[in-house]
Amino acid sequence: MTPFHPLTRRSFLKATGIGLGSVALDALLSRDLAAAEKYRGLPGFPHHPPRAKRVIFLYMSGGPSHLETFDYKPALDKLDGQPMPESFTKGQPIAQLQGQKLKVQGHLAKFKKHGKSGQWVSDFLPWHAKFVDDIAIVRSMVTDQINHDPAHTMMNTGTALSGRPSMGSWVTYGLGSEADDLPGFVVMTSFAGRNPQPISQRMWDTGFLPSRFQGVEFNSAGDPVYYLRNPAGVSAAQQRDLVAAVGDLDRRRNAAARNPEVETRIAQYEMAFKMQASVPELMDISKESKETLDLYGAKPGDGSFASNCLMARRLAERGVRFIQLYHRDWDHHGDLVKYMHMCCGATDRATWALLTDLKRRGLFDDTLVIWGGEFGRTPMFQGKGGPGRDHHIKGFAMWLAGAGVRGGVGHGATDELGYNATENPVHVRDLHATMLHLLGIDHARFSVKYQGLDVRLTGVEPARVVKEILA
């Protein structure tokens, strides 16, 4: 929020030409901002009793390899180094391997069965192996877009078309938020040291929905939000007075204009004022116990995925509806082993800690946790400084846990080389439909009129709730 000039309440109103008696003025400025312009969702929402109150999406940006995480294929090792059968790849979209002689790349990690459920997990993820009975692994994900930006757009908005609302914006528009002094949709990013694949702010944009449902990015290091502190000489009381006066001006104007963006401006000024008090306390994880910091492996102010996971738990406790953590390191065209150790080292334990912490604080049963990226990686070799894998959209893995999700199950399968999803394919639209269902929303009944069309997060093509993974 841009700092306000330290005008007094009466000099400001005098300068703007608004004549209010002292009684009316005092009534205006004593208005409880916490009660002003609350948004608690659309009428009639949720459509049915929700299992989840909130979502934490652990977004592994860049495309983690399903063949080095959750999808074990013995035939891949048997054919290692041999030509990739053309029957798999002929006519299929390939990002960077066009025209090259394609060879099979065997697994670059060992796999073992873990937990009572006997789920396959690679040695890159030893902490995942500890909670495999709490998650439902979908091994048959498919998407439409082979390159990063359109694939991110697809995963986040349900379409490759730019300018559509992100899933976090859809959710907060439909359901509102339980947080009065924080945004309903918060985004944080991290990376582990290499030059990460960029991620656009369009991925948490509000599109054609009112901009009050925009995802708000919190910085992982330094000031969490720009202009959070008042400039010298500006007190909280002065700033509150000005916010109230500007809000009243906007309301008077909007009585004639009826512009939803004016309502957004009012809400944003008031939210920004409240965030000046709430955000510093929220972001100060130094007040967490040493045991909790050690659980995550988090250090205050380090900007790590571990600290962001701890922050996600704190946001969930405070009623934030949609929390999205991007870890931007998973684009492994070469040196896959080196970078998988780097990425998994940064995220594996912290993910286990988050689920553990949600459980012990009574939040796991009503929090939907989703883990995954925009696509997977090819069964074919790509060498950019050591063995790697190209982008792949025909079959990859994600997992869900928490509210309403059956733990310890695997759903769907790819073929013997991990190329095509052959058993119970799950499209990104199905993932969105399932997420909305757990939040109490029927995706087919959740649309907004835009340019003459009834637009949905799940689009117009078939989408289904993946009931096989639900409790």
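Numerical summary
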{"item": "Estimated inter-spin distance, ALA160 and GLN92, nm [label 7 Å along Cα→Cβ]", "result": "1.7"}
{"item": "Quarter of Cα convex hull surface for region 86-125, i.e. mean projection, nm²", "result": "4.6"}
{"item": "Lysines whose Cα lies under 22 Å from that of LYS338, excluding same-chain neighbours fewer than 8 positions away", "result": "LYS73, LYS103, LYS110, LYS112, LYS384"}
{"item": "Positive-end residue of LEU58, ALA95, TYR39, charge dipole of region 33-154 with Cβ unit charges", "result": "TYR39"}
{"item": "Volume in Å³ per residue [convex hull over Cα atoms, computed for region 423-471]", "result": "69"}
{"item": "Gyration tensor (alpha-carbon) shape descriptor, region 359-467, a/c threshold 1.5", "result": "oblate"}
{"item": "Calculated P(r) tail over 18 Å for region 121-182, as whole % of Cα pairs", "result": "61"}
{"item": "Selection from LEU325, THR347, LEU315, by position along the positive dipole direction of region 309-361 (Cβ)", "result": "LEU315"}
{"item": "Peptide ranges 329-338, 290-299, 83-92 listed from the most packed, as the mean C-beta count within 10 angstrom indicates", "result": "329-338, 290-299, 83-92"}
{"item": "Overall dimensions of region 373-420 as given by Cα atoms, namely Rg and Dmax in Å", "result": "13.8, 43"}
{"item": "Point-charge dipole on Cβ atoms (K/R +1, D/E -1) for region 70-120, about Cα centre, debye to 20", "result": "220"}
{"item": "Placed amide H near HIS411: partners under 5 Å, 5+ positions off or other chain", "result": "ILE137, VAL138, ARG139"}
{"item": "As computed over region 62-219, the Cα convex hull volume per residue (Å³)", "result": "175"}
{"item": "Under Karplus coefficients 6.51, -1.76 and 1.60, residue-wise ³J(HN,Hα) of region 300-315 in Hz, glycine/proline x", "result": "x, x, 7, x, 8, 4, 4, 5, 5, 5, 4, 5, 4, 5, 5, 5"}
{"item": "Distance between modelled label sites at VAL460 and GLU178, nm, 7 Å Cα→Cβ extension", "result": "3.8"}
{"item": "Extension gain from GLU291 to ALA255, taking 0.36 nm per residue of separation minus the Cα-Cα distance", "result": "7.6 nm"}
{"item": "Hits among lysines - C-alpha to C-alpha of LYS53 under 25 Å, sequence gap 8 or more where chains match", "result": "LYS38, LYS274, LYS359, LYS467"}
{"item": "Ratio of the Cα radius of gyration of region 391-452 to 2.2 N^0.38 Å, where N counts its residues", "result": "1.40"}
{"item": "Cα-derived Rg to Rh of region 271-367, Kirkwood definition", "result": "1.02"}
{"item": "From phi via Karplus (6.51, -1.76, 1.60), per-residue ³J(HN,Hα) for region 445-458 in Hz, x at Gly/Pro", "result": "9, 10, 9, 10, 6, 9, 6, x, 10, 8, 9, 10, 4, 8"}
{"item": "Overall Cα dimensions of region 311-409, principal axis frame, Å, largest first", "result": "46, 25, 22"}
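All of the numbers you see were taken from the coordinates with simple rules; none came from a lab. Note that the structure is a prediction, hence the values are computed from the model and not measured. Every residue, glycine as well, gets a Cβ built from its backbone with ideal geometry; the counts of neighbours run over all protein chains shown.
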